[in-house]
1. For region A:124-163, which positions are more than 11 Å from chain B (Cβ to nearest Cβ) and either under 14 Å from A:LEU70 (Cβ atoms) or part of a helix (DSSP H, G or I) (or both)?
2. Which condition from (1) in contact with a helix residue (DSSP H, G or I) (Cβ under 6 Å, 6 or more places away or on another chain); (2) away from every other protein chain (no Cβ under 14 Å) is the one that B:PHE4 breaks?
3. Any residue in region B:215-222 that is crowded, with 22+ Cβ neighbours inside 10 Å and acidic (Asp, Glu)?
4. Every residue in region B:5-21 that is of a type in the set (A, V, I, L, M, F, W, C) and surrounded by fewer than 18 Cβ atoms within 10 Å (Cβ to Cβ), please.
5. Applying the selection to region A:109-119, what residues are away from every other protein chain (no Cβ under 14 Å) and either part of a helix (DSSP H, G or I) or at positive phi (or both)?
6. Mind listing just one residue for me: the one in region B:223-264 that is within 17 Å of B:TYR290 (Cα to Cα) and among the acidic types (Asp, Glu) and, of those, surrounded by the most Cβ atoms within 10 Å (Cβ to Cβ)?
7. For the subset of region B:148-199 comprising residues that are among the aromatic types (Phe, Trp, Tyr) and crowded, with 17+ Cβ neighbours inside 10 Å, which member is farthest from the other protein chains (Cβ to nearest Cβ)?
8. Can you tell me which residue is nearest to B:PRO252 (Cα to Cα) among those in region B:36-81 that are aliphatic (A, V, I, L, M) and surrounded by fewer than 20 Cβ atoms within 10 Å (Cβ to Cβ)?
Amino acid sequence: MSQKLIEIKNKAKEYFSKNELNADHETAITLFISGVKSANVLILSKIEIQPVDWHAYKYMHAQYFKDLQLFSLLNRSTNWSYNPYIYYQLSSQTFNLWGTSNLNTYILGAFDLDAKFFRYLSLSHAFKTEIRFIPLFPSDLSLDTPFLSALYDVEVQNQREIQTQISMLKNIEVPSLTVEQKEEIVRNERQVVADSYVDFLKFLITI
Amino acid sequence: MALFNYKNVEIYYEFAGNVKDPCIVFINGLTQQVQHWAYYKDYFKNRGCSVLLFDLMGQGSSVKPTLFIDFQDNQNVLAGLLDKLTIDKAYIAGISFGGVVVLRFGIEYPEKVKGLIPMSTFSEMDAQLQFIGNNLYEGMVGIGFEYLVKQFVPFNFSANWIGNNADKLPIAIRESFNNNDLYGIQNMMESLARFQGFTHELKQIKAPTLIMNGEFDYLTDREAHEILRKEIPNSRLLLMQKVCHAFTLEIPDIVCRLIEDFVLTVEKGEWKAKQDVMIAADDVNSKELYFPCQGDHTRLIPINNIKKPSKANTTGVTQKNSQKSGKTKPEA
C-alpha cells in the first residue's frame, strides 16, 4: 500500500469518525462504485457471445450477473443527493478513471489468453480489492441501513468474486509473459486504481 | 510511519526502546497486526527491553502481493529488519503462523537469535490440522473474511473469555475485516499450504527455547508442541492453564511476566531447561511463576493420577498430587 493511500485512508477514517454519512457521501460513493462495476459488467458481457473454456466461463458468468445485481442494489439503497456538483465531479472522476485504466480497450474484441487479458484480470482484481469503504467507518458503526448493508454486501461479494481473478492470474499460461512481467502488470494496474481511489477520497472528505 | 523496503516492497514495522537493550520481536498470527502486541510493547519498554513489531507480507499495513507469497520471505524480512536497526541478536517470539516463522528463523538465522519463544504453533501439520486448515480456507474464500475470523473465535478463546467479551467481539471481528484484505491472508495461507514439514530440522536449533501451549488449544494441539519439545534440545514446554490458541490476547499479563523471566534468565546465563515440562501459574499475582508437570502432559485425561480400578473399588480414586515448587516471580 502506497504512503499516500495510507495517509488518505487515515484522513478519511478521522473524517468519518466526526461526520455522519449524508446523501452527498452516499451519492458520491455509489457513483464511484457504479462507474467501476458498470465497466466490469460491460467488459464481462462479451463472454456471453464468445467461446470460452467452461470452467472460466462459469465463474466469469457468475461475476457478470453478481456485479449487475450489486450495482442495482446499491443504486436502489442510496439516498440520492440534490447537489448537482456531486454528479458533475463524479462524472469527471469516472471519465478520468476510464482514461487512466484504458477500460475502453477491454470492451471491443474477444478475450484471448494474452497480455491484454492478463491486464484486465489485474485491473478487475484491483477494482475489487483496493476500493473499500467499510474500513473507513468506525468499527462500532451499525450497518443496519439499506445503504450501508448494501455497501457491506458489495465488499463481501467482491472478496468472493476475486477468486475468479486470483485463480486465473495465478494459473493461466500467457506465453508472451514472464513471471516478472506479470508481477509488473499487477503492480501497475493496482497503482492506477489506487491513484483513482486516492483522488476520490480527497474529494469525498471535502463534501 | 516506519516502512522497511524489502525487494522493492514495503514492510510496516514499529520499534520501541533502545537498540542497546535486549530486543524482543513479536511476530503476528495469521489475522493479526502489530496493534495486537500493544500490551507487550508497553510492558517491555518499561522494563529495559526494546520491542520490534512488524506486519508480515499480506497483513495490515505491509505490502499485499497479489500473485504469490513465498514463506521464506518472512524470515528474510526479519533478518533484514534487524540489520537495518543494527540489532545483532534478539529474542524472537511469535504465535501460530508467527510461531512457524520463529522456528524457521531459529533454523536459518541462528547467529541472530538469543532465544526463541514459539507459541501455539507447529513444525508439521497432522491430518487433523490440515483438515481444519482446509475448512478455514474454504470458509474464508466461499463465505467471507468475517466468517474466517468467527471460525477462529472458539479456537482462540476460552468460553469464559468469550462470555465476558460478548459485547466487544462483533467490533473486534469488524476491525479484523477492516484491517485485513482477504486476498493477502489467502496468499499467506497458501504459502503455508505449500510449505513442507520441517520437524527433522528442529535439532539444529541450539538457542534457549521457551515453547508455550494453551491447555485447551484444539487448533495446534499438545502433540504439535510435544514434537517441538522433543526435537529442540535446549527447550522447555510451558503449559498455559485454562486457555486456548490465542492466549497472548486472553492473558497478556501472565504471558508477559513469563517472557520477562525467560529473557532475564537467558541474559544472566542461567537458562538450564532440558526439555522439561512446566505448568504456568494462572494467577498473575502469584509468587510462583510455574511448577513442574507431574502427570502425562500429552493427555487431557490425567492418566498418571488415576488408580486402576480394583475389584473392591471401581470408582477410580485419585492419588494425592504433590507438586514441587518451581520458579517464582522475576525480580524486576
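The values are calculated or read from the model by the stated rules, or taken from the named source; none is laboratory data. Keep in mind that what you see is a predicted model, and the values were worked out from it rather than measured. Neighbour counts run over all protein chains shown; Cβ positions are idealised from the backbone, glycine included.
1. Start the filter on region A:124-163 by keeping residues that are more than 11 Å from chain B (Cβ to nearest Cβ), which leaves A:124, A:127, A:131, A:144-151, A:154.
Within region A:124-163, A:SER124, A:PHE127, A:ILE131, A:PRO146, A:PHE147, A:LEU148, A:SER149, A:ALA150, A:LEU151, A:VAL154 qualify.
2. Evaluating B:PHE4 over (1) in contact with a helix residue (DSSP H, G or I) (Cβ under 6 Å, 6 or more places away or on another chain); (2) away from every other protein chain (no Cβ under 14 Å) leaves (2) as the failure.
3. yes
4. Narrowing region B:5-21 to residues of a type in the set (A, V, I, L, M, F, W, C): B:9, B:11, B:15-16, B:19.
Listed by number, the residues that qualify are B:VAL9, B:ALA16, B:VAL19.
5. Keep residues of region A:109-119 that are away from every other protein chain (no Cβ under 14 Å), which gives A:109-117.
Those that are away from every other protein chain (no Cβ under 14 Å) and either part of a helix (DSSP H, G or I) or at positive phi (or both): A:GLY109, A:ALA115, A:LYS116, A:PHE117.
6. Once the filter is applied, the top-ranked residue is B:GLU260.
7. Keep residues of region B:148-199 that are among the aromatic types (Phe, Trp, Tyr), which gives B:152, B:155, B:157, B:161, B:177, B:183, B:195, B:198.
Checking the rest, the ones that are also crowded, with 17+ Cβ neighbours inside 10 Å come to B:152, B:155, B:157, B:161, B:177, B:183.
Working: B:PHE152: 17, B:PHE155: 21, B:PHE157: 18, B:TRP161: 19, B:PHE177: 7, B:TYR183: 6 Å.
The qualifying residue farthest from the other protein chains (Cβ to nearest Cβ) is B:PHE155.
8. Of the residues in region B:36-81, the ones aliphatic (A, V, I, L, M) are B:38, B:51-53, B:56-57, B:63, B:67, B:69, B:77-79, B:81.
Right, trim to surrounded by fewer than 20 Cβ atoms within 10 Å (Cβ to Cβ) and you get B:38, B:67, B:79.
Numbers: B:ALA38: 10, B:LEU67: 35, B:ALA79: 26 Å.
Checking each candidate, the answer is B:ALA38.
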